[in-house]
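Taking it in order: structure first as C-alpha cells, then the write-up.
The values are calculated or read from the model by the stated rules, or taken from the named source; none is laboratory data. On a predicted model such as this, the values are computed, not experimentally measured, just so you know. Using ideal geometry, Cβ is built from the backbone for each residue, glycine included, and neighbour counts are taken over all protein chains shown.
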Amino acid sequence: MTTMSNYAAAYRQEAEELLAEVETTVLELEENPQDQEAVNHLFRVIHTIKGSGAMFGFERIAKFTHHIESLLDKVREGHVPVTKKMIDLVLVARDRIKVLLNLPQAEDPQADEEHSWIIAEFEALAKAPAQPVVPAPPKSVETEHQAEAAADRKRTYRIRFHPHADICKTGIDPALLLNDLQALGECHMGAQIEQIPNLDELNPQQCYLYWDMILSTARDVNQIRDVFIFVEDQAEIKIDVIDQADPGNMEETGYKRLGEILVERGDLDSDELGEALRKQKLLGKVLVEEDLVDQGLVDSALAEQKQVRDIREKRQVESAGSSIRVAAEKLDDLVNLVGELVTVQARLSQAAFSRHDPELLSIAESVERMTAELRDNTMSIRMLPIGTTFSKFKRVVRDLSNDLGKEINLTTEGGETELDKTVIEQLNDPLMHIIRNCVDHAIEPPEVRQKLGKPSAGTIQLSASHSGANVLIQITDDGAGLNMDLIRAKAVEKGLIGHDAELTKKELYHLIFQPGFSTAAQVTSVSGRGVGMDVVKRGIENLRGSIEIESEKGKSTTIVLKLPLTLAIIDGLMVDVADDFYIMPLSAIEECIELTRADVAKDHGRHMIKVRDRIVPYLRLREIFSMTGQLPEIEQIVIAEVEGERMGFVVDHIKGQHQTVIKNLGKMYHNIRGVSGATILGDGTVALILDLPQLVQANDQQAAQA
C-alpha cells in the first residue's frame, strides 16, 4: 500500500508539471492556430497523462482525458480546426483534470456528473462535419532536432587581442574590453608578456601586452566582434571557432595536442615542432627551454586544451540526461544544515584567530573556503528560472481580458533569470495582484484605445534581470498611467494626507499601497476594494525587497520589484552600537564615511551631511533604539540605497563583512519594525538583522506625527 501511495504521489507531481505544459501549449496554439507541432506536442502530453493515470489507478482521469485525446487526434489529422471554442474547452478540461488529481479515486457519480457536460462538448466538436484545414507543414524530427541543437549549441572560440602600443593614448582601457568579453560566457584569459622591455626602456604610456583568450559561449562570432568594434583600427584581433557541439558525435572527449594548437595559432612552425618532439621531454618545457615560444604562450595553449576537454566531457554528462527528482523538504533541510555549518565555521575562525595558532588558522581557512563553496552550490540547487511563474500569468491575463471585454497581450522577457524557490513561491501573490490591476485599471477598452490613437490590443510586459545580489522584476503596461490628481483626491478623502500637503511624485504614487486605498469608481469581481496593492507591499517587504513606480499619464506605468536572490544566507555588514551588534544587508550598502563631532555641529540638529557635493540625510541607530552610553569620538555613517534614495545610518563602529545565516525571530516579535531577523555570531552572541526600508518608514511616520 505504501508503494502504491508513493507511485500516486509521483504521478500527481508529474501530472501537475504536464498540466502546466498543457496550459502553455494551448495559449501558444491560440496565437498560432496553424502550428502543427504545437498540436502534436499537446496530443503527446495528454496521452502521457492518460496512460500514466491508467497505470497508477487514476481511472477517472484516464477516461476523461480519452475524450480530449480523441478530439486532438482529429485536429492532428486536419478534420477539426483550431477555434476559440476548442481552446476554451481544452483549458476548462485542463482545470478539471487538476481537480480530479486531488479527489478520491473511488467511484463517485456526483464527481463524474460535474464534468459530464465537458465530455459532451468534446464529443460534439469531434462529431462536427469535417472541414478542410490546411495545416502548416509539419517539422520533421530531424529538422526539429537541428533547430534545437542550433539554438542551444555552445561554441568555443580562440581569440587573440593584440592592441597597438599607443592604444592607451586614445583613452581606451583594454581591461574594460576584457571584462565585457568575460561577461559573454566561460572565459580563460592569458596575458602575454614577452614584449615588455627592460625597466629603463619601458614607456608607461605604451601597451606591451597582448592577450590570448578561450571563450565558451552560445553567442555568435558577430556578437564577440561587437566587443572590439571601437578598437578594430587600433589592434589586431583574430577570432577562430575551435569547438562546437556536434549532435551526431557524442564520443568527443579529447582535444588537440599542445603542439597542434601552437602550430595552428602560428606561434610555432611544424619543423620546430618536429625537432622539439624528438627531444623526448614534456613538449611545453622543451619549447620554452629552446626559446621557441614564451612560457605564457604555452600556458594559454594548455588552458585552451583543458577548457575544450572539460566542455566536451560536460556535454557527455549532460547528453546522458542524468538528473534526479528531490523532495523540496530535503533541500530545505540541506540549506538549514549548511546554515548551521556556516555558524560553526565562524566560531572556528574566531577561536583560531584568538589563539594565534598558525596550524589552526590554516585549518580554519580551509574549512572557510570549503564552507563557502558548499554554501554556493547548495543555494544554486534551490535556484529556479522565474519563467515558470511568468507563464502562469498568460492564462490569468487571457481569462480576465475576456471577462472585461478587453484585448490584452502578455509578453515576457528574461524567463531564464534564476531566483531561490522560496522567493518565487512568495512572489506569486504580489505579481498576481499587480497584473490584475493592470488588466482592470490600466489597460483601456478597445474602443477607447482606438480613439486615443493606440492599438486596440493593450500590452503588459513582464521582465526579469539580475542586478548584483538582487533580481529586478519589471511590470510595464501601455495603458492610461496613474492619475495623480485622482490619487491625491482619494488620499485627502480618506484622511491620508491634508489638503495642502506637498508630496513628491514618488510619495504620491506610493499612496496606492495604503490599506483600503482604491481609485476605482465601482467595486468589481477583479478589484476596487483597496486590498490588492496593500498585499503587494506587504508581500515584497516580507521578501526584504522594494518597489519603485514610474508612470506617464495616458501612456504607460512601470512597477519595478527589487528582490534578494535568496532568503536563507546573505552577505552582511556587521556594525556595533553601544556594544550591541547589528547586520545590514551588504547588497544595499554603497559606502561608509566618518562622522566627527565637527560634522555634527555643522548640521545644527538637521541630521544631514554633505558627501561629494550631495546632501545625504541620516538616522542615528542610538536614537531609534533608545540606547545610552558614551559616544565614540568619531562615529561611522553607513550610506545605503533605500527605495531609490541615499540614506545614512549612524553607528559606533564598523566591524566588517559577515556571512549571515538568517534566523526568524518567532511569532512573538512578528510586529517589530526595522528588524527582519537575527543571526548567531562566532562567539554565540546574537546580532539583529536590520530592515533598512522599515527603519526609514518608521522614522518618517514618527516625524509626521510629531
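Conditions tested, residue by residue: (1) in contact with a Phe, Trp or Tyr (Cβ under 8 Å, 6 or more places away or on another chain); (2) at pLDDT below 85.
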{"site": "His188", "(1), (2)": "no, no"}
{"site": "Asn198", "(1), (2)": "no, no"}
{"site": "Tyr208", "(1), (2)": "no, no"}
{"site": "Asp220", "(1), (2)": "no, yes"}
{"site": "Ile224", "(1), (2)": "yes, no"}
{"site": "Gln234", "(1), (2)": "no, no"}
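Listed here are the residues, each with its yes/no results for (1) surrounded by 17 or more Cβ atoms within 10 Å (Cβ to Cβ); (2) out of contact with any strand residue (DSSP E or B) (no Cβ under 9 Å at 6 or more places or on another chain).
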| residue | (1), (2) |
| --- | --- |
| Thr558 | no, no |
| Leu561 | yes, no |
| Met574 | yes, no |
| Ala578 | no, yes |
| Ile583 | yes, no |
| Ser587 | yes, no |
| Glu590 | no, no |
| Thr596 | no, no |
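Among Arg369, Arg315, Arg347, Arg325, which is the only one that is of a type in the set (Lys, Arg) and in contact with a helix residue (DSSP H, G or I) (Cβ under 9 Å, 6 or more places away or on another chain)?
Residue meeting the stated conditions: Arg325.
Could you name every one of the strands (runs of 3 or more DSSP E) located completely within the stretch 416-482 that has at least 2 residues being among the small types (Gly, Ala, Ser)?
Strands (runs of 3 or more DSSP E) meeting the threshold: 458-467.
May I ask you to list the residues in the stretch 682-692 that are in contact with a helix residue (DSSP H, G or I) (Cβ under 7 Å, 6 or more places away or on another chain) and buried (at least 19 other Cβ atoms within 10 Å of the Cβ)?
Hit for the stretch 682-692 is Leu692, nothing else.
Take the residues of the stretch 537-556 that are in contact with a Pro (Cβ under 8 Å, 6 or more places away or on another chain) and more than 18 Å from Val638 (Cβ to Cβ): which is surrounded by the most Cβ atoms within 10 Å (Cβ to Cβ)?
Among those residues, the one meeting the criterion is Ile540.
Here's a check for you: in the stretch 376-386, which residue that is free of Cβ contacts under 8 Å to residues at least 40 places away in the same chain and part of a helix (DSSP H, G or I) is nearest to Pro446 (Cα to Cα)?
Ser380
Looking at Leu681, Leu665, can you tell me which residue is touching a residue at least 12 places away in the same chain (Cβ under 8 Å) and either within 27 Å of Leu631 (Cβ to Cβ) or in the same structural domain as Ile497 (by TED's automatic domain parsing) (or both)?
Among Leu681, Leu665, only Leu681 is touching a residue at least 12 places away in the same chain (Cβ under 8 Å) and either within 27 Å of Leu631 (Cβ to Cβ) or in the same structural domain as Ile497 (by TED's automatic domain parsing) (or both).
Looking at the stretch 496-519, which of its residues are of a type in the set (A, V, I, L, M, F, W, C) and over 28 Å from the mean Cα position of the chain (by Cα)?
Matches in the stretch 496-519: Leu496, Ile497, Ala501, Leu503, Leu508, Leu511, Phe517.
Just the residues that are modelled with pLDDT under 85 and aromatic (Phe, Trp, Tyr), please, taken from the stretch 638-672.
Tyr669
Go over the candidates Gln657, Gln636, Gln694, Gln630 one by one and state the one that is in the same structural domain as Glu591 (by TED's automatic domain parsing), within 31 Å of the chain's Cα centre (by Cα) and more than 30 Å from Gly498 (Cβ to Cβ).
Just a single option satisfies the conditions, and that option is Gln657.
Does Arg369 satisfy being surrounded by fewer than 15 Cβ atoms within 10 Å (Cβ to Cβ) and in a helix (DSSP H, G or I)?
So Arg369 passes the test.
Could you give me the residue pairs with C-beta distances under 7 Å whose first residue belongs to the stretch 425-452 and is over 24 Å from Leu563 (Cα atoms), whose second residue is assigned to a helix (DSSP H, G or I) and not charged (D, E, K, R) wherever it lies, and which are 6+ apart or on separate chains?
As it stands, the answer is Asp440/Leu404, since those pairs meet every condition given.
Enumerate the strands (runs of 3 or more DSSP E) found wholly within the stretch 553-646, keeping only those where 2 or more residues are over 27 Å from Leu431 (Cα atoms).
It comes to 569-577, 580-585, 589-596, 608-611, 614-620, 634-642.
For the structure I just gave you, tell me whether Ile487 is surrounded by 18 or more Cβ atoms within 10 Å (Cβ to Cβ), touching a residue at least 24 places away in the same chain (Cβ under 8 Å) and within 15 Å of Leu404 (Cα to Cα).
The answer is no for Ile487.
Among the residues that make up the stretch 400-415, is at least one of them part of a strand (DSSP E or B), among the acidic types (Asp, Glu) and in contact (Cβ under 8 Å) with a residue 12 or more places away in the chain?
Yes: one or more hits.
Of the residues that sit in the stretch 588-620 and are in contact (Cβ under 8 Å) with a residue 60 or more places away in the chain and out of contact with any Asp or Glu (no Cβ under 7 Å at 6 or more places or on another chain), which one is farthest from Leu341 (Cα to Cα)?
Leu619
Give me a count of the residues in the stretch 668-678 that are without any contact (Cβ under 8 Å) to a residue 60 or more places away in the chain and either over 27 Å from Gly656 (Cβ atoms) or not in a loop (DSSP other than H, G, I, E, B) (or both).
7
Which members of the stretch 261-294 meet the condition of being charged (D, E, K, R), under 19 Å from Val308 (Cβ atoms) and in a helix (DSSP H, G or I)?
Selection gives Glu264, Arg265.
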